[in-house]
Amino acid sequence: MNVPLCRPENPDGLQSKAAPAPRKRRRVQALDAFRGMTVMNMILVDNAGGAYPVIDHSPWNGVSLADMTMPMFDFIVGCSVALAFSKLDKTKSEAKWVALRKAWWRFVKLFLLGIWNQGGYNMFQYDMTHLRIMGILQRVAVCYLIAAVIEIYGDTCCMSSRKTGNTVSSTHAAVFKRSVNHWVGIVALCSIWTCIMYGVTTPSEYNETCVRGKFTPACNPQRLVDAALFGVDHMYFPTNGGNADGRGMTFNRLPQCSSCSPGLCLEPRNMTALNPWCGKVPFDPEGIVSQLTAAAGTLTGVYIGKVLVEFNEETHRQRMNHWLVFAFSFISLGIALHATAWMPLNTDLFSLSFLLVTSGTGAALLSFWYLLIDVWQFKKVAAPFIWVGKNAVVMYIAAEAGIIQWCLSIFYWDGDTKNNLSNILWPGSVWGVESSLNERFENTLKDPHDKLYVLVWTLGYILIWVGVAWWMDRQKWYISI
């Protein structure tokens, strides 16, 4: 119970007024909608990307709709960190220690959940000799821990400057000042990434001559460092033997590796002789080196989240101006680096240009949802995204685990388990789920009707999970890690 504190007896004989109780910060629904949109985008590209390669992950350099999913998760984590620790009293060691223990426990839960989700052949079969250590949720966990530690133990000299009478310009400057430790972290992480990528020479292998600064699937220091830290057997499949069918690298869709690039289909006839790296080079797109710049992206999300903390709820214009200036600056610089070919956009390496573009895009998308929900009050339009965003981890795990497909596979006929509802209704049945990798993609959805089938099925799949999220919201069931 909050008891208002009154002043001592007023020398002027005037009655003292009770201090107003602190106003509880309301939930940021724009962030929920942003999170929900990212989960829906993940389901879309994971299920329809094979039919529409233009939205699938870029084979190597470049950026696509699928490439934006992982960085947006990292960015949103940063925004959430800024809000979660905004009321932490950093002058008290005990409070910081309690916050650190909570952050560490959340890191452990997310990391183990990621291994359960992506560490094995599927979520219930694990070859311990080929257990994949890193992955999507593992990366989120590491990004969260780095951002949380910097936020908890950041400099206490620059507490919130949101005071009555502050000018807009001084408040903008205060946001940056309070985030100076985060910017130091961003620079440090990017500097380490640059030193590794430009300071380490990859030995020439797989019939390709490697020199310093050459970034190809066969020639990039990231794969060497990851292999040294984790071992090839614990990197991304299929090169380690964990699951050789259906878990191909994105660069397997390059023209050197696929006769229907950017799609995945039959290998070119001379691939083994000219480009043996297509099927052999060990690589992990969520490895430890790309983790550095991914964590820097989370710290940019912390900075964007601090704008919500520093500015009053009534100052919509100031918040959006700050975000949009940030977005325009970062996207422009990232595109310039890519256009000059000095540092191309690359999601697998999480290049600096990719970091700039995705961080800027994150700020722009948050501005969009903030404008739609908080300024224009179009909450009904955004409601499905908000429902999913409130239970984002549950929606992610459930959609990735294939719970619906598993339930459908229970029902079959003619005594053949292959004749089950999952195989009939699942888009993979268009090309035959029991065929080998090359046979599966030999005629990858050339018929427009097949592509339309995949798209309609995927949209229906998304709607199912939106319905589940709506029901959970109605029941006030919110599961967080």
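The values are calculated or read from the model by the stated rules, or taken from the named source; none is laboratory data. Note that the structure is predicted; figures quoted are calculated from it, not measured. Note that we place each Cβ from the backbone using ideal geometry, even for glycine, and neighbour counts take in every protein chain shown.
Checking Pro285, Pro262 one by one, the residue that is surrounded by fewer than 20 Cβ atoms within 10 Å (Cβ to Cβ), at pLDDT 85 or above and not small (Gly, Ala, Ser) is Pro262 and no other. Scanning region 77-124 for residues that are in contact with an Asp or Glu (Cβ under 9 Å, 6 or more places away or on another chain) and charged (D, E, K, R) yields Lys90, Lys96. Whether a residue is modelled with pLDDT under 90 and outside any loop (DSSP other than H, G, I, E, B) was assessed, and Cys278 passes this test.
Please indicate, with yes or no, whether at least one residue in region 295-309 is over 17 Å from the mean Cα position of the chain (by Cα), surrounded by fewer than 16 Cβ atoms within 10 Å (Cβ to Cβ) and farther than 28 Å from His234 by Cβ. No, region 295-309 has no match at all.
Within region 344-364, does at least one residue satisfy the condition of being β-branched (Val, Ile, Thr), over 24 Å from Phe215 (Cα atoms) and either more than 22 Å from the chain's Cα centre (by Cα) or not in a loop (DSSP other than H, G, I, E, B) (or both)? Checked region 344-364: at least one residue is β-branched (Val, Ile, Thr), over 24 Å from Phe215 (Cα atoms) and either more than 22 Å from the chain's Cα centre (by Cα) or not in a loop (DSSP other than H, G, I, E, B) (or both). Taking the conditions exactly as written (in contact (Cβ under 8 Å) with a residue 60 or more places away in the chain and more than 15 Å from Val142 (Cα to Cα)), does Met70 satisfy them or not? No, not satisfied.
Out of curiosity, is Asn443 of a type outside the set (Gly, Ala, Ser), more than 30 Å from Leu113 (Cβ to Cβ), in contact with an Asp or Glu (Cβ under 8 Å, 6 or more places away or on another chain) and at pLDDT below 90? Taking the combined requirement at face value, the residue does not satisfy it. Being of a type in the set (A, V, I, L, M, F, W, C), over 25 Å from Leu224 (Cα atoms) and at pLDDT 95 or above holds for only one residue in Leu308, Leu299, Leu292, and it is Leu299. Of the helices (runs of 4 or more DSSP H) lying entirely inside region 374-413, those containing at least 2 residues that are exposed (fewer than 15 other Cβ atoms within 10 Å of the Cβ) span 379-390, 403-409. Total residues in region 168-200 satisfying the condition of being among the β-branched types (Val, Ile, Thr) and farther than 27 Å from Val142 by Cα: the figure is 2. Scanning region 34-44 turns up at least one residue that is more than 14 Å from the chain's Cα centre (by Cα) and under 30 Å from Pro262 (Cα atoms).
Per the conditions (1) under 30 Å from Leu421 (Cβ atoms); (2) of a type in the set (S, T, N, Q); (3) out of contact with any strand residue (DSSP E or B) (no Cβ under 7 Å at 6 or more places or on another chain), the sole criterion not satisfied by Ser351 is (1). Quick check on region 16-34: of everything there that is under 10 Å from Gly389 (Cβ atoms) and touching a Lys or Arg at 6+ places or on another chain (Cβ under 8 Å), which residue is modelled with the highest pLDDT? Top of the filtered list is Asp32.
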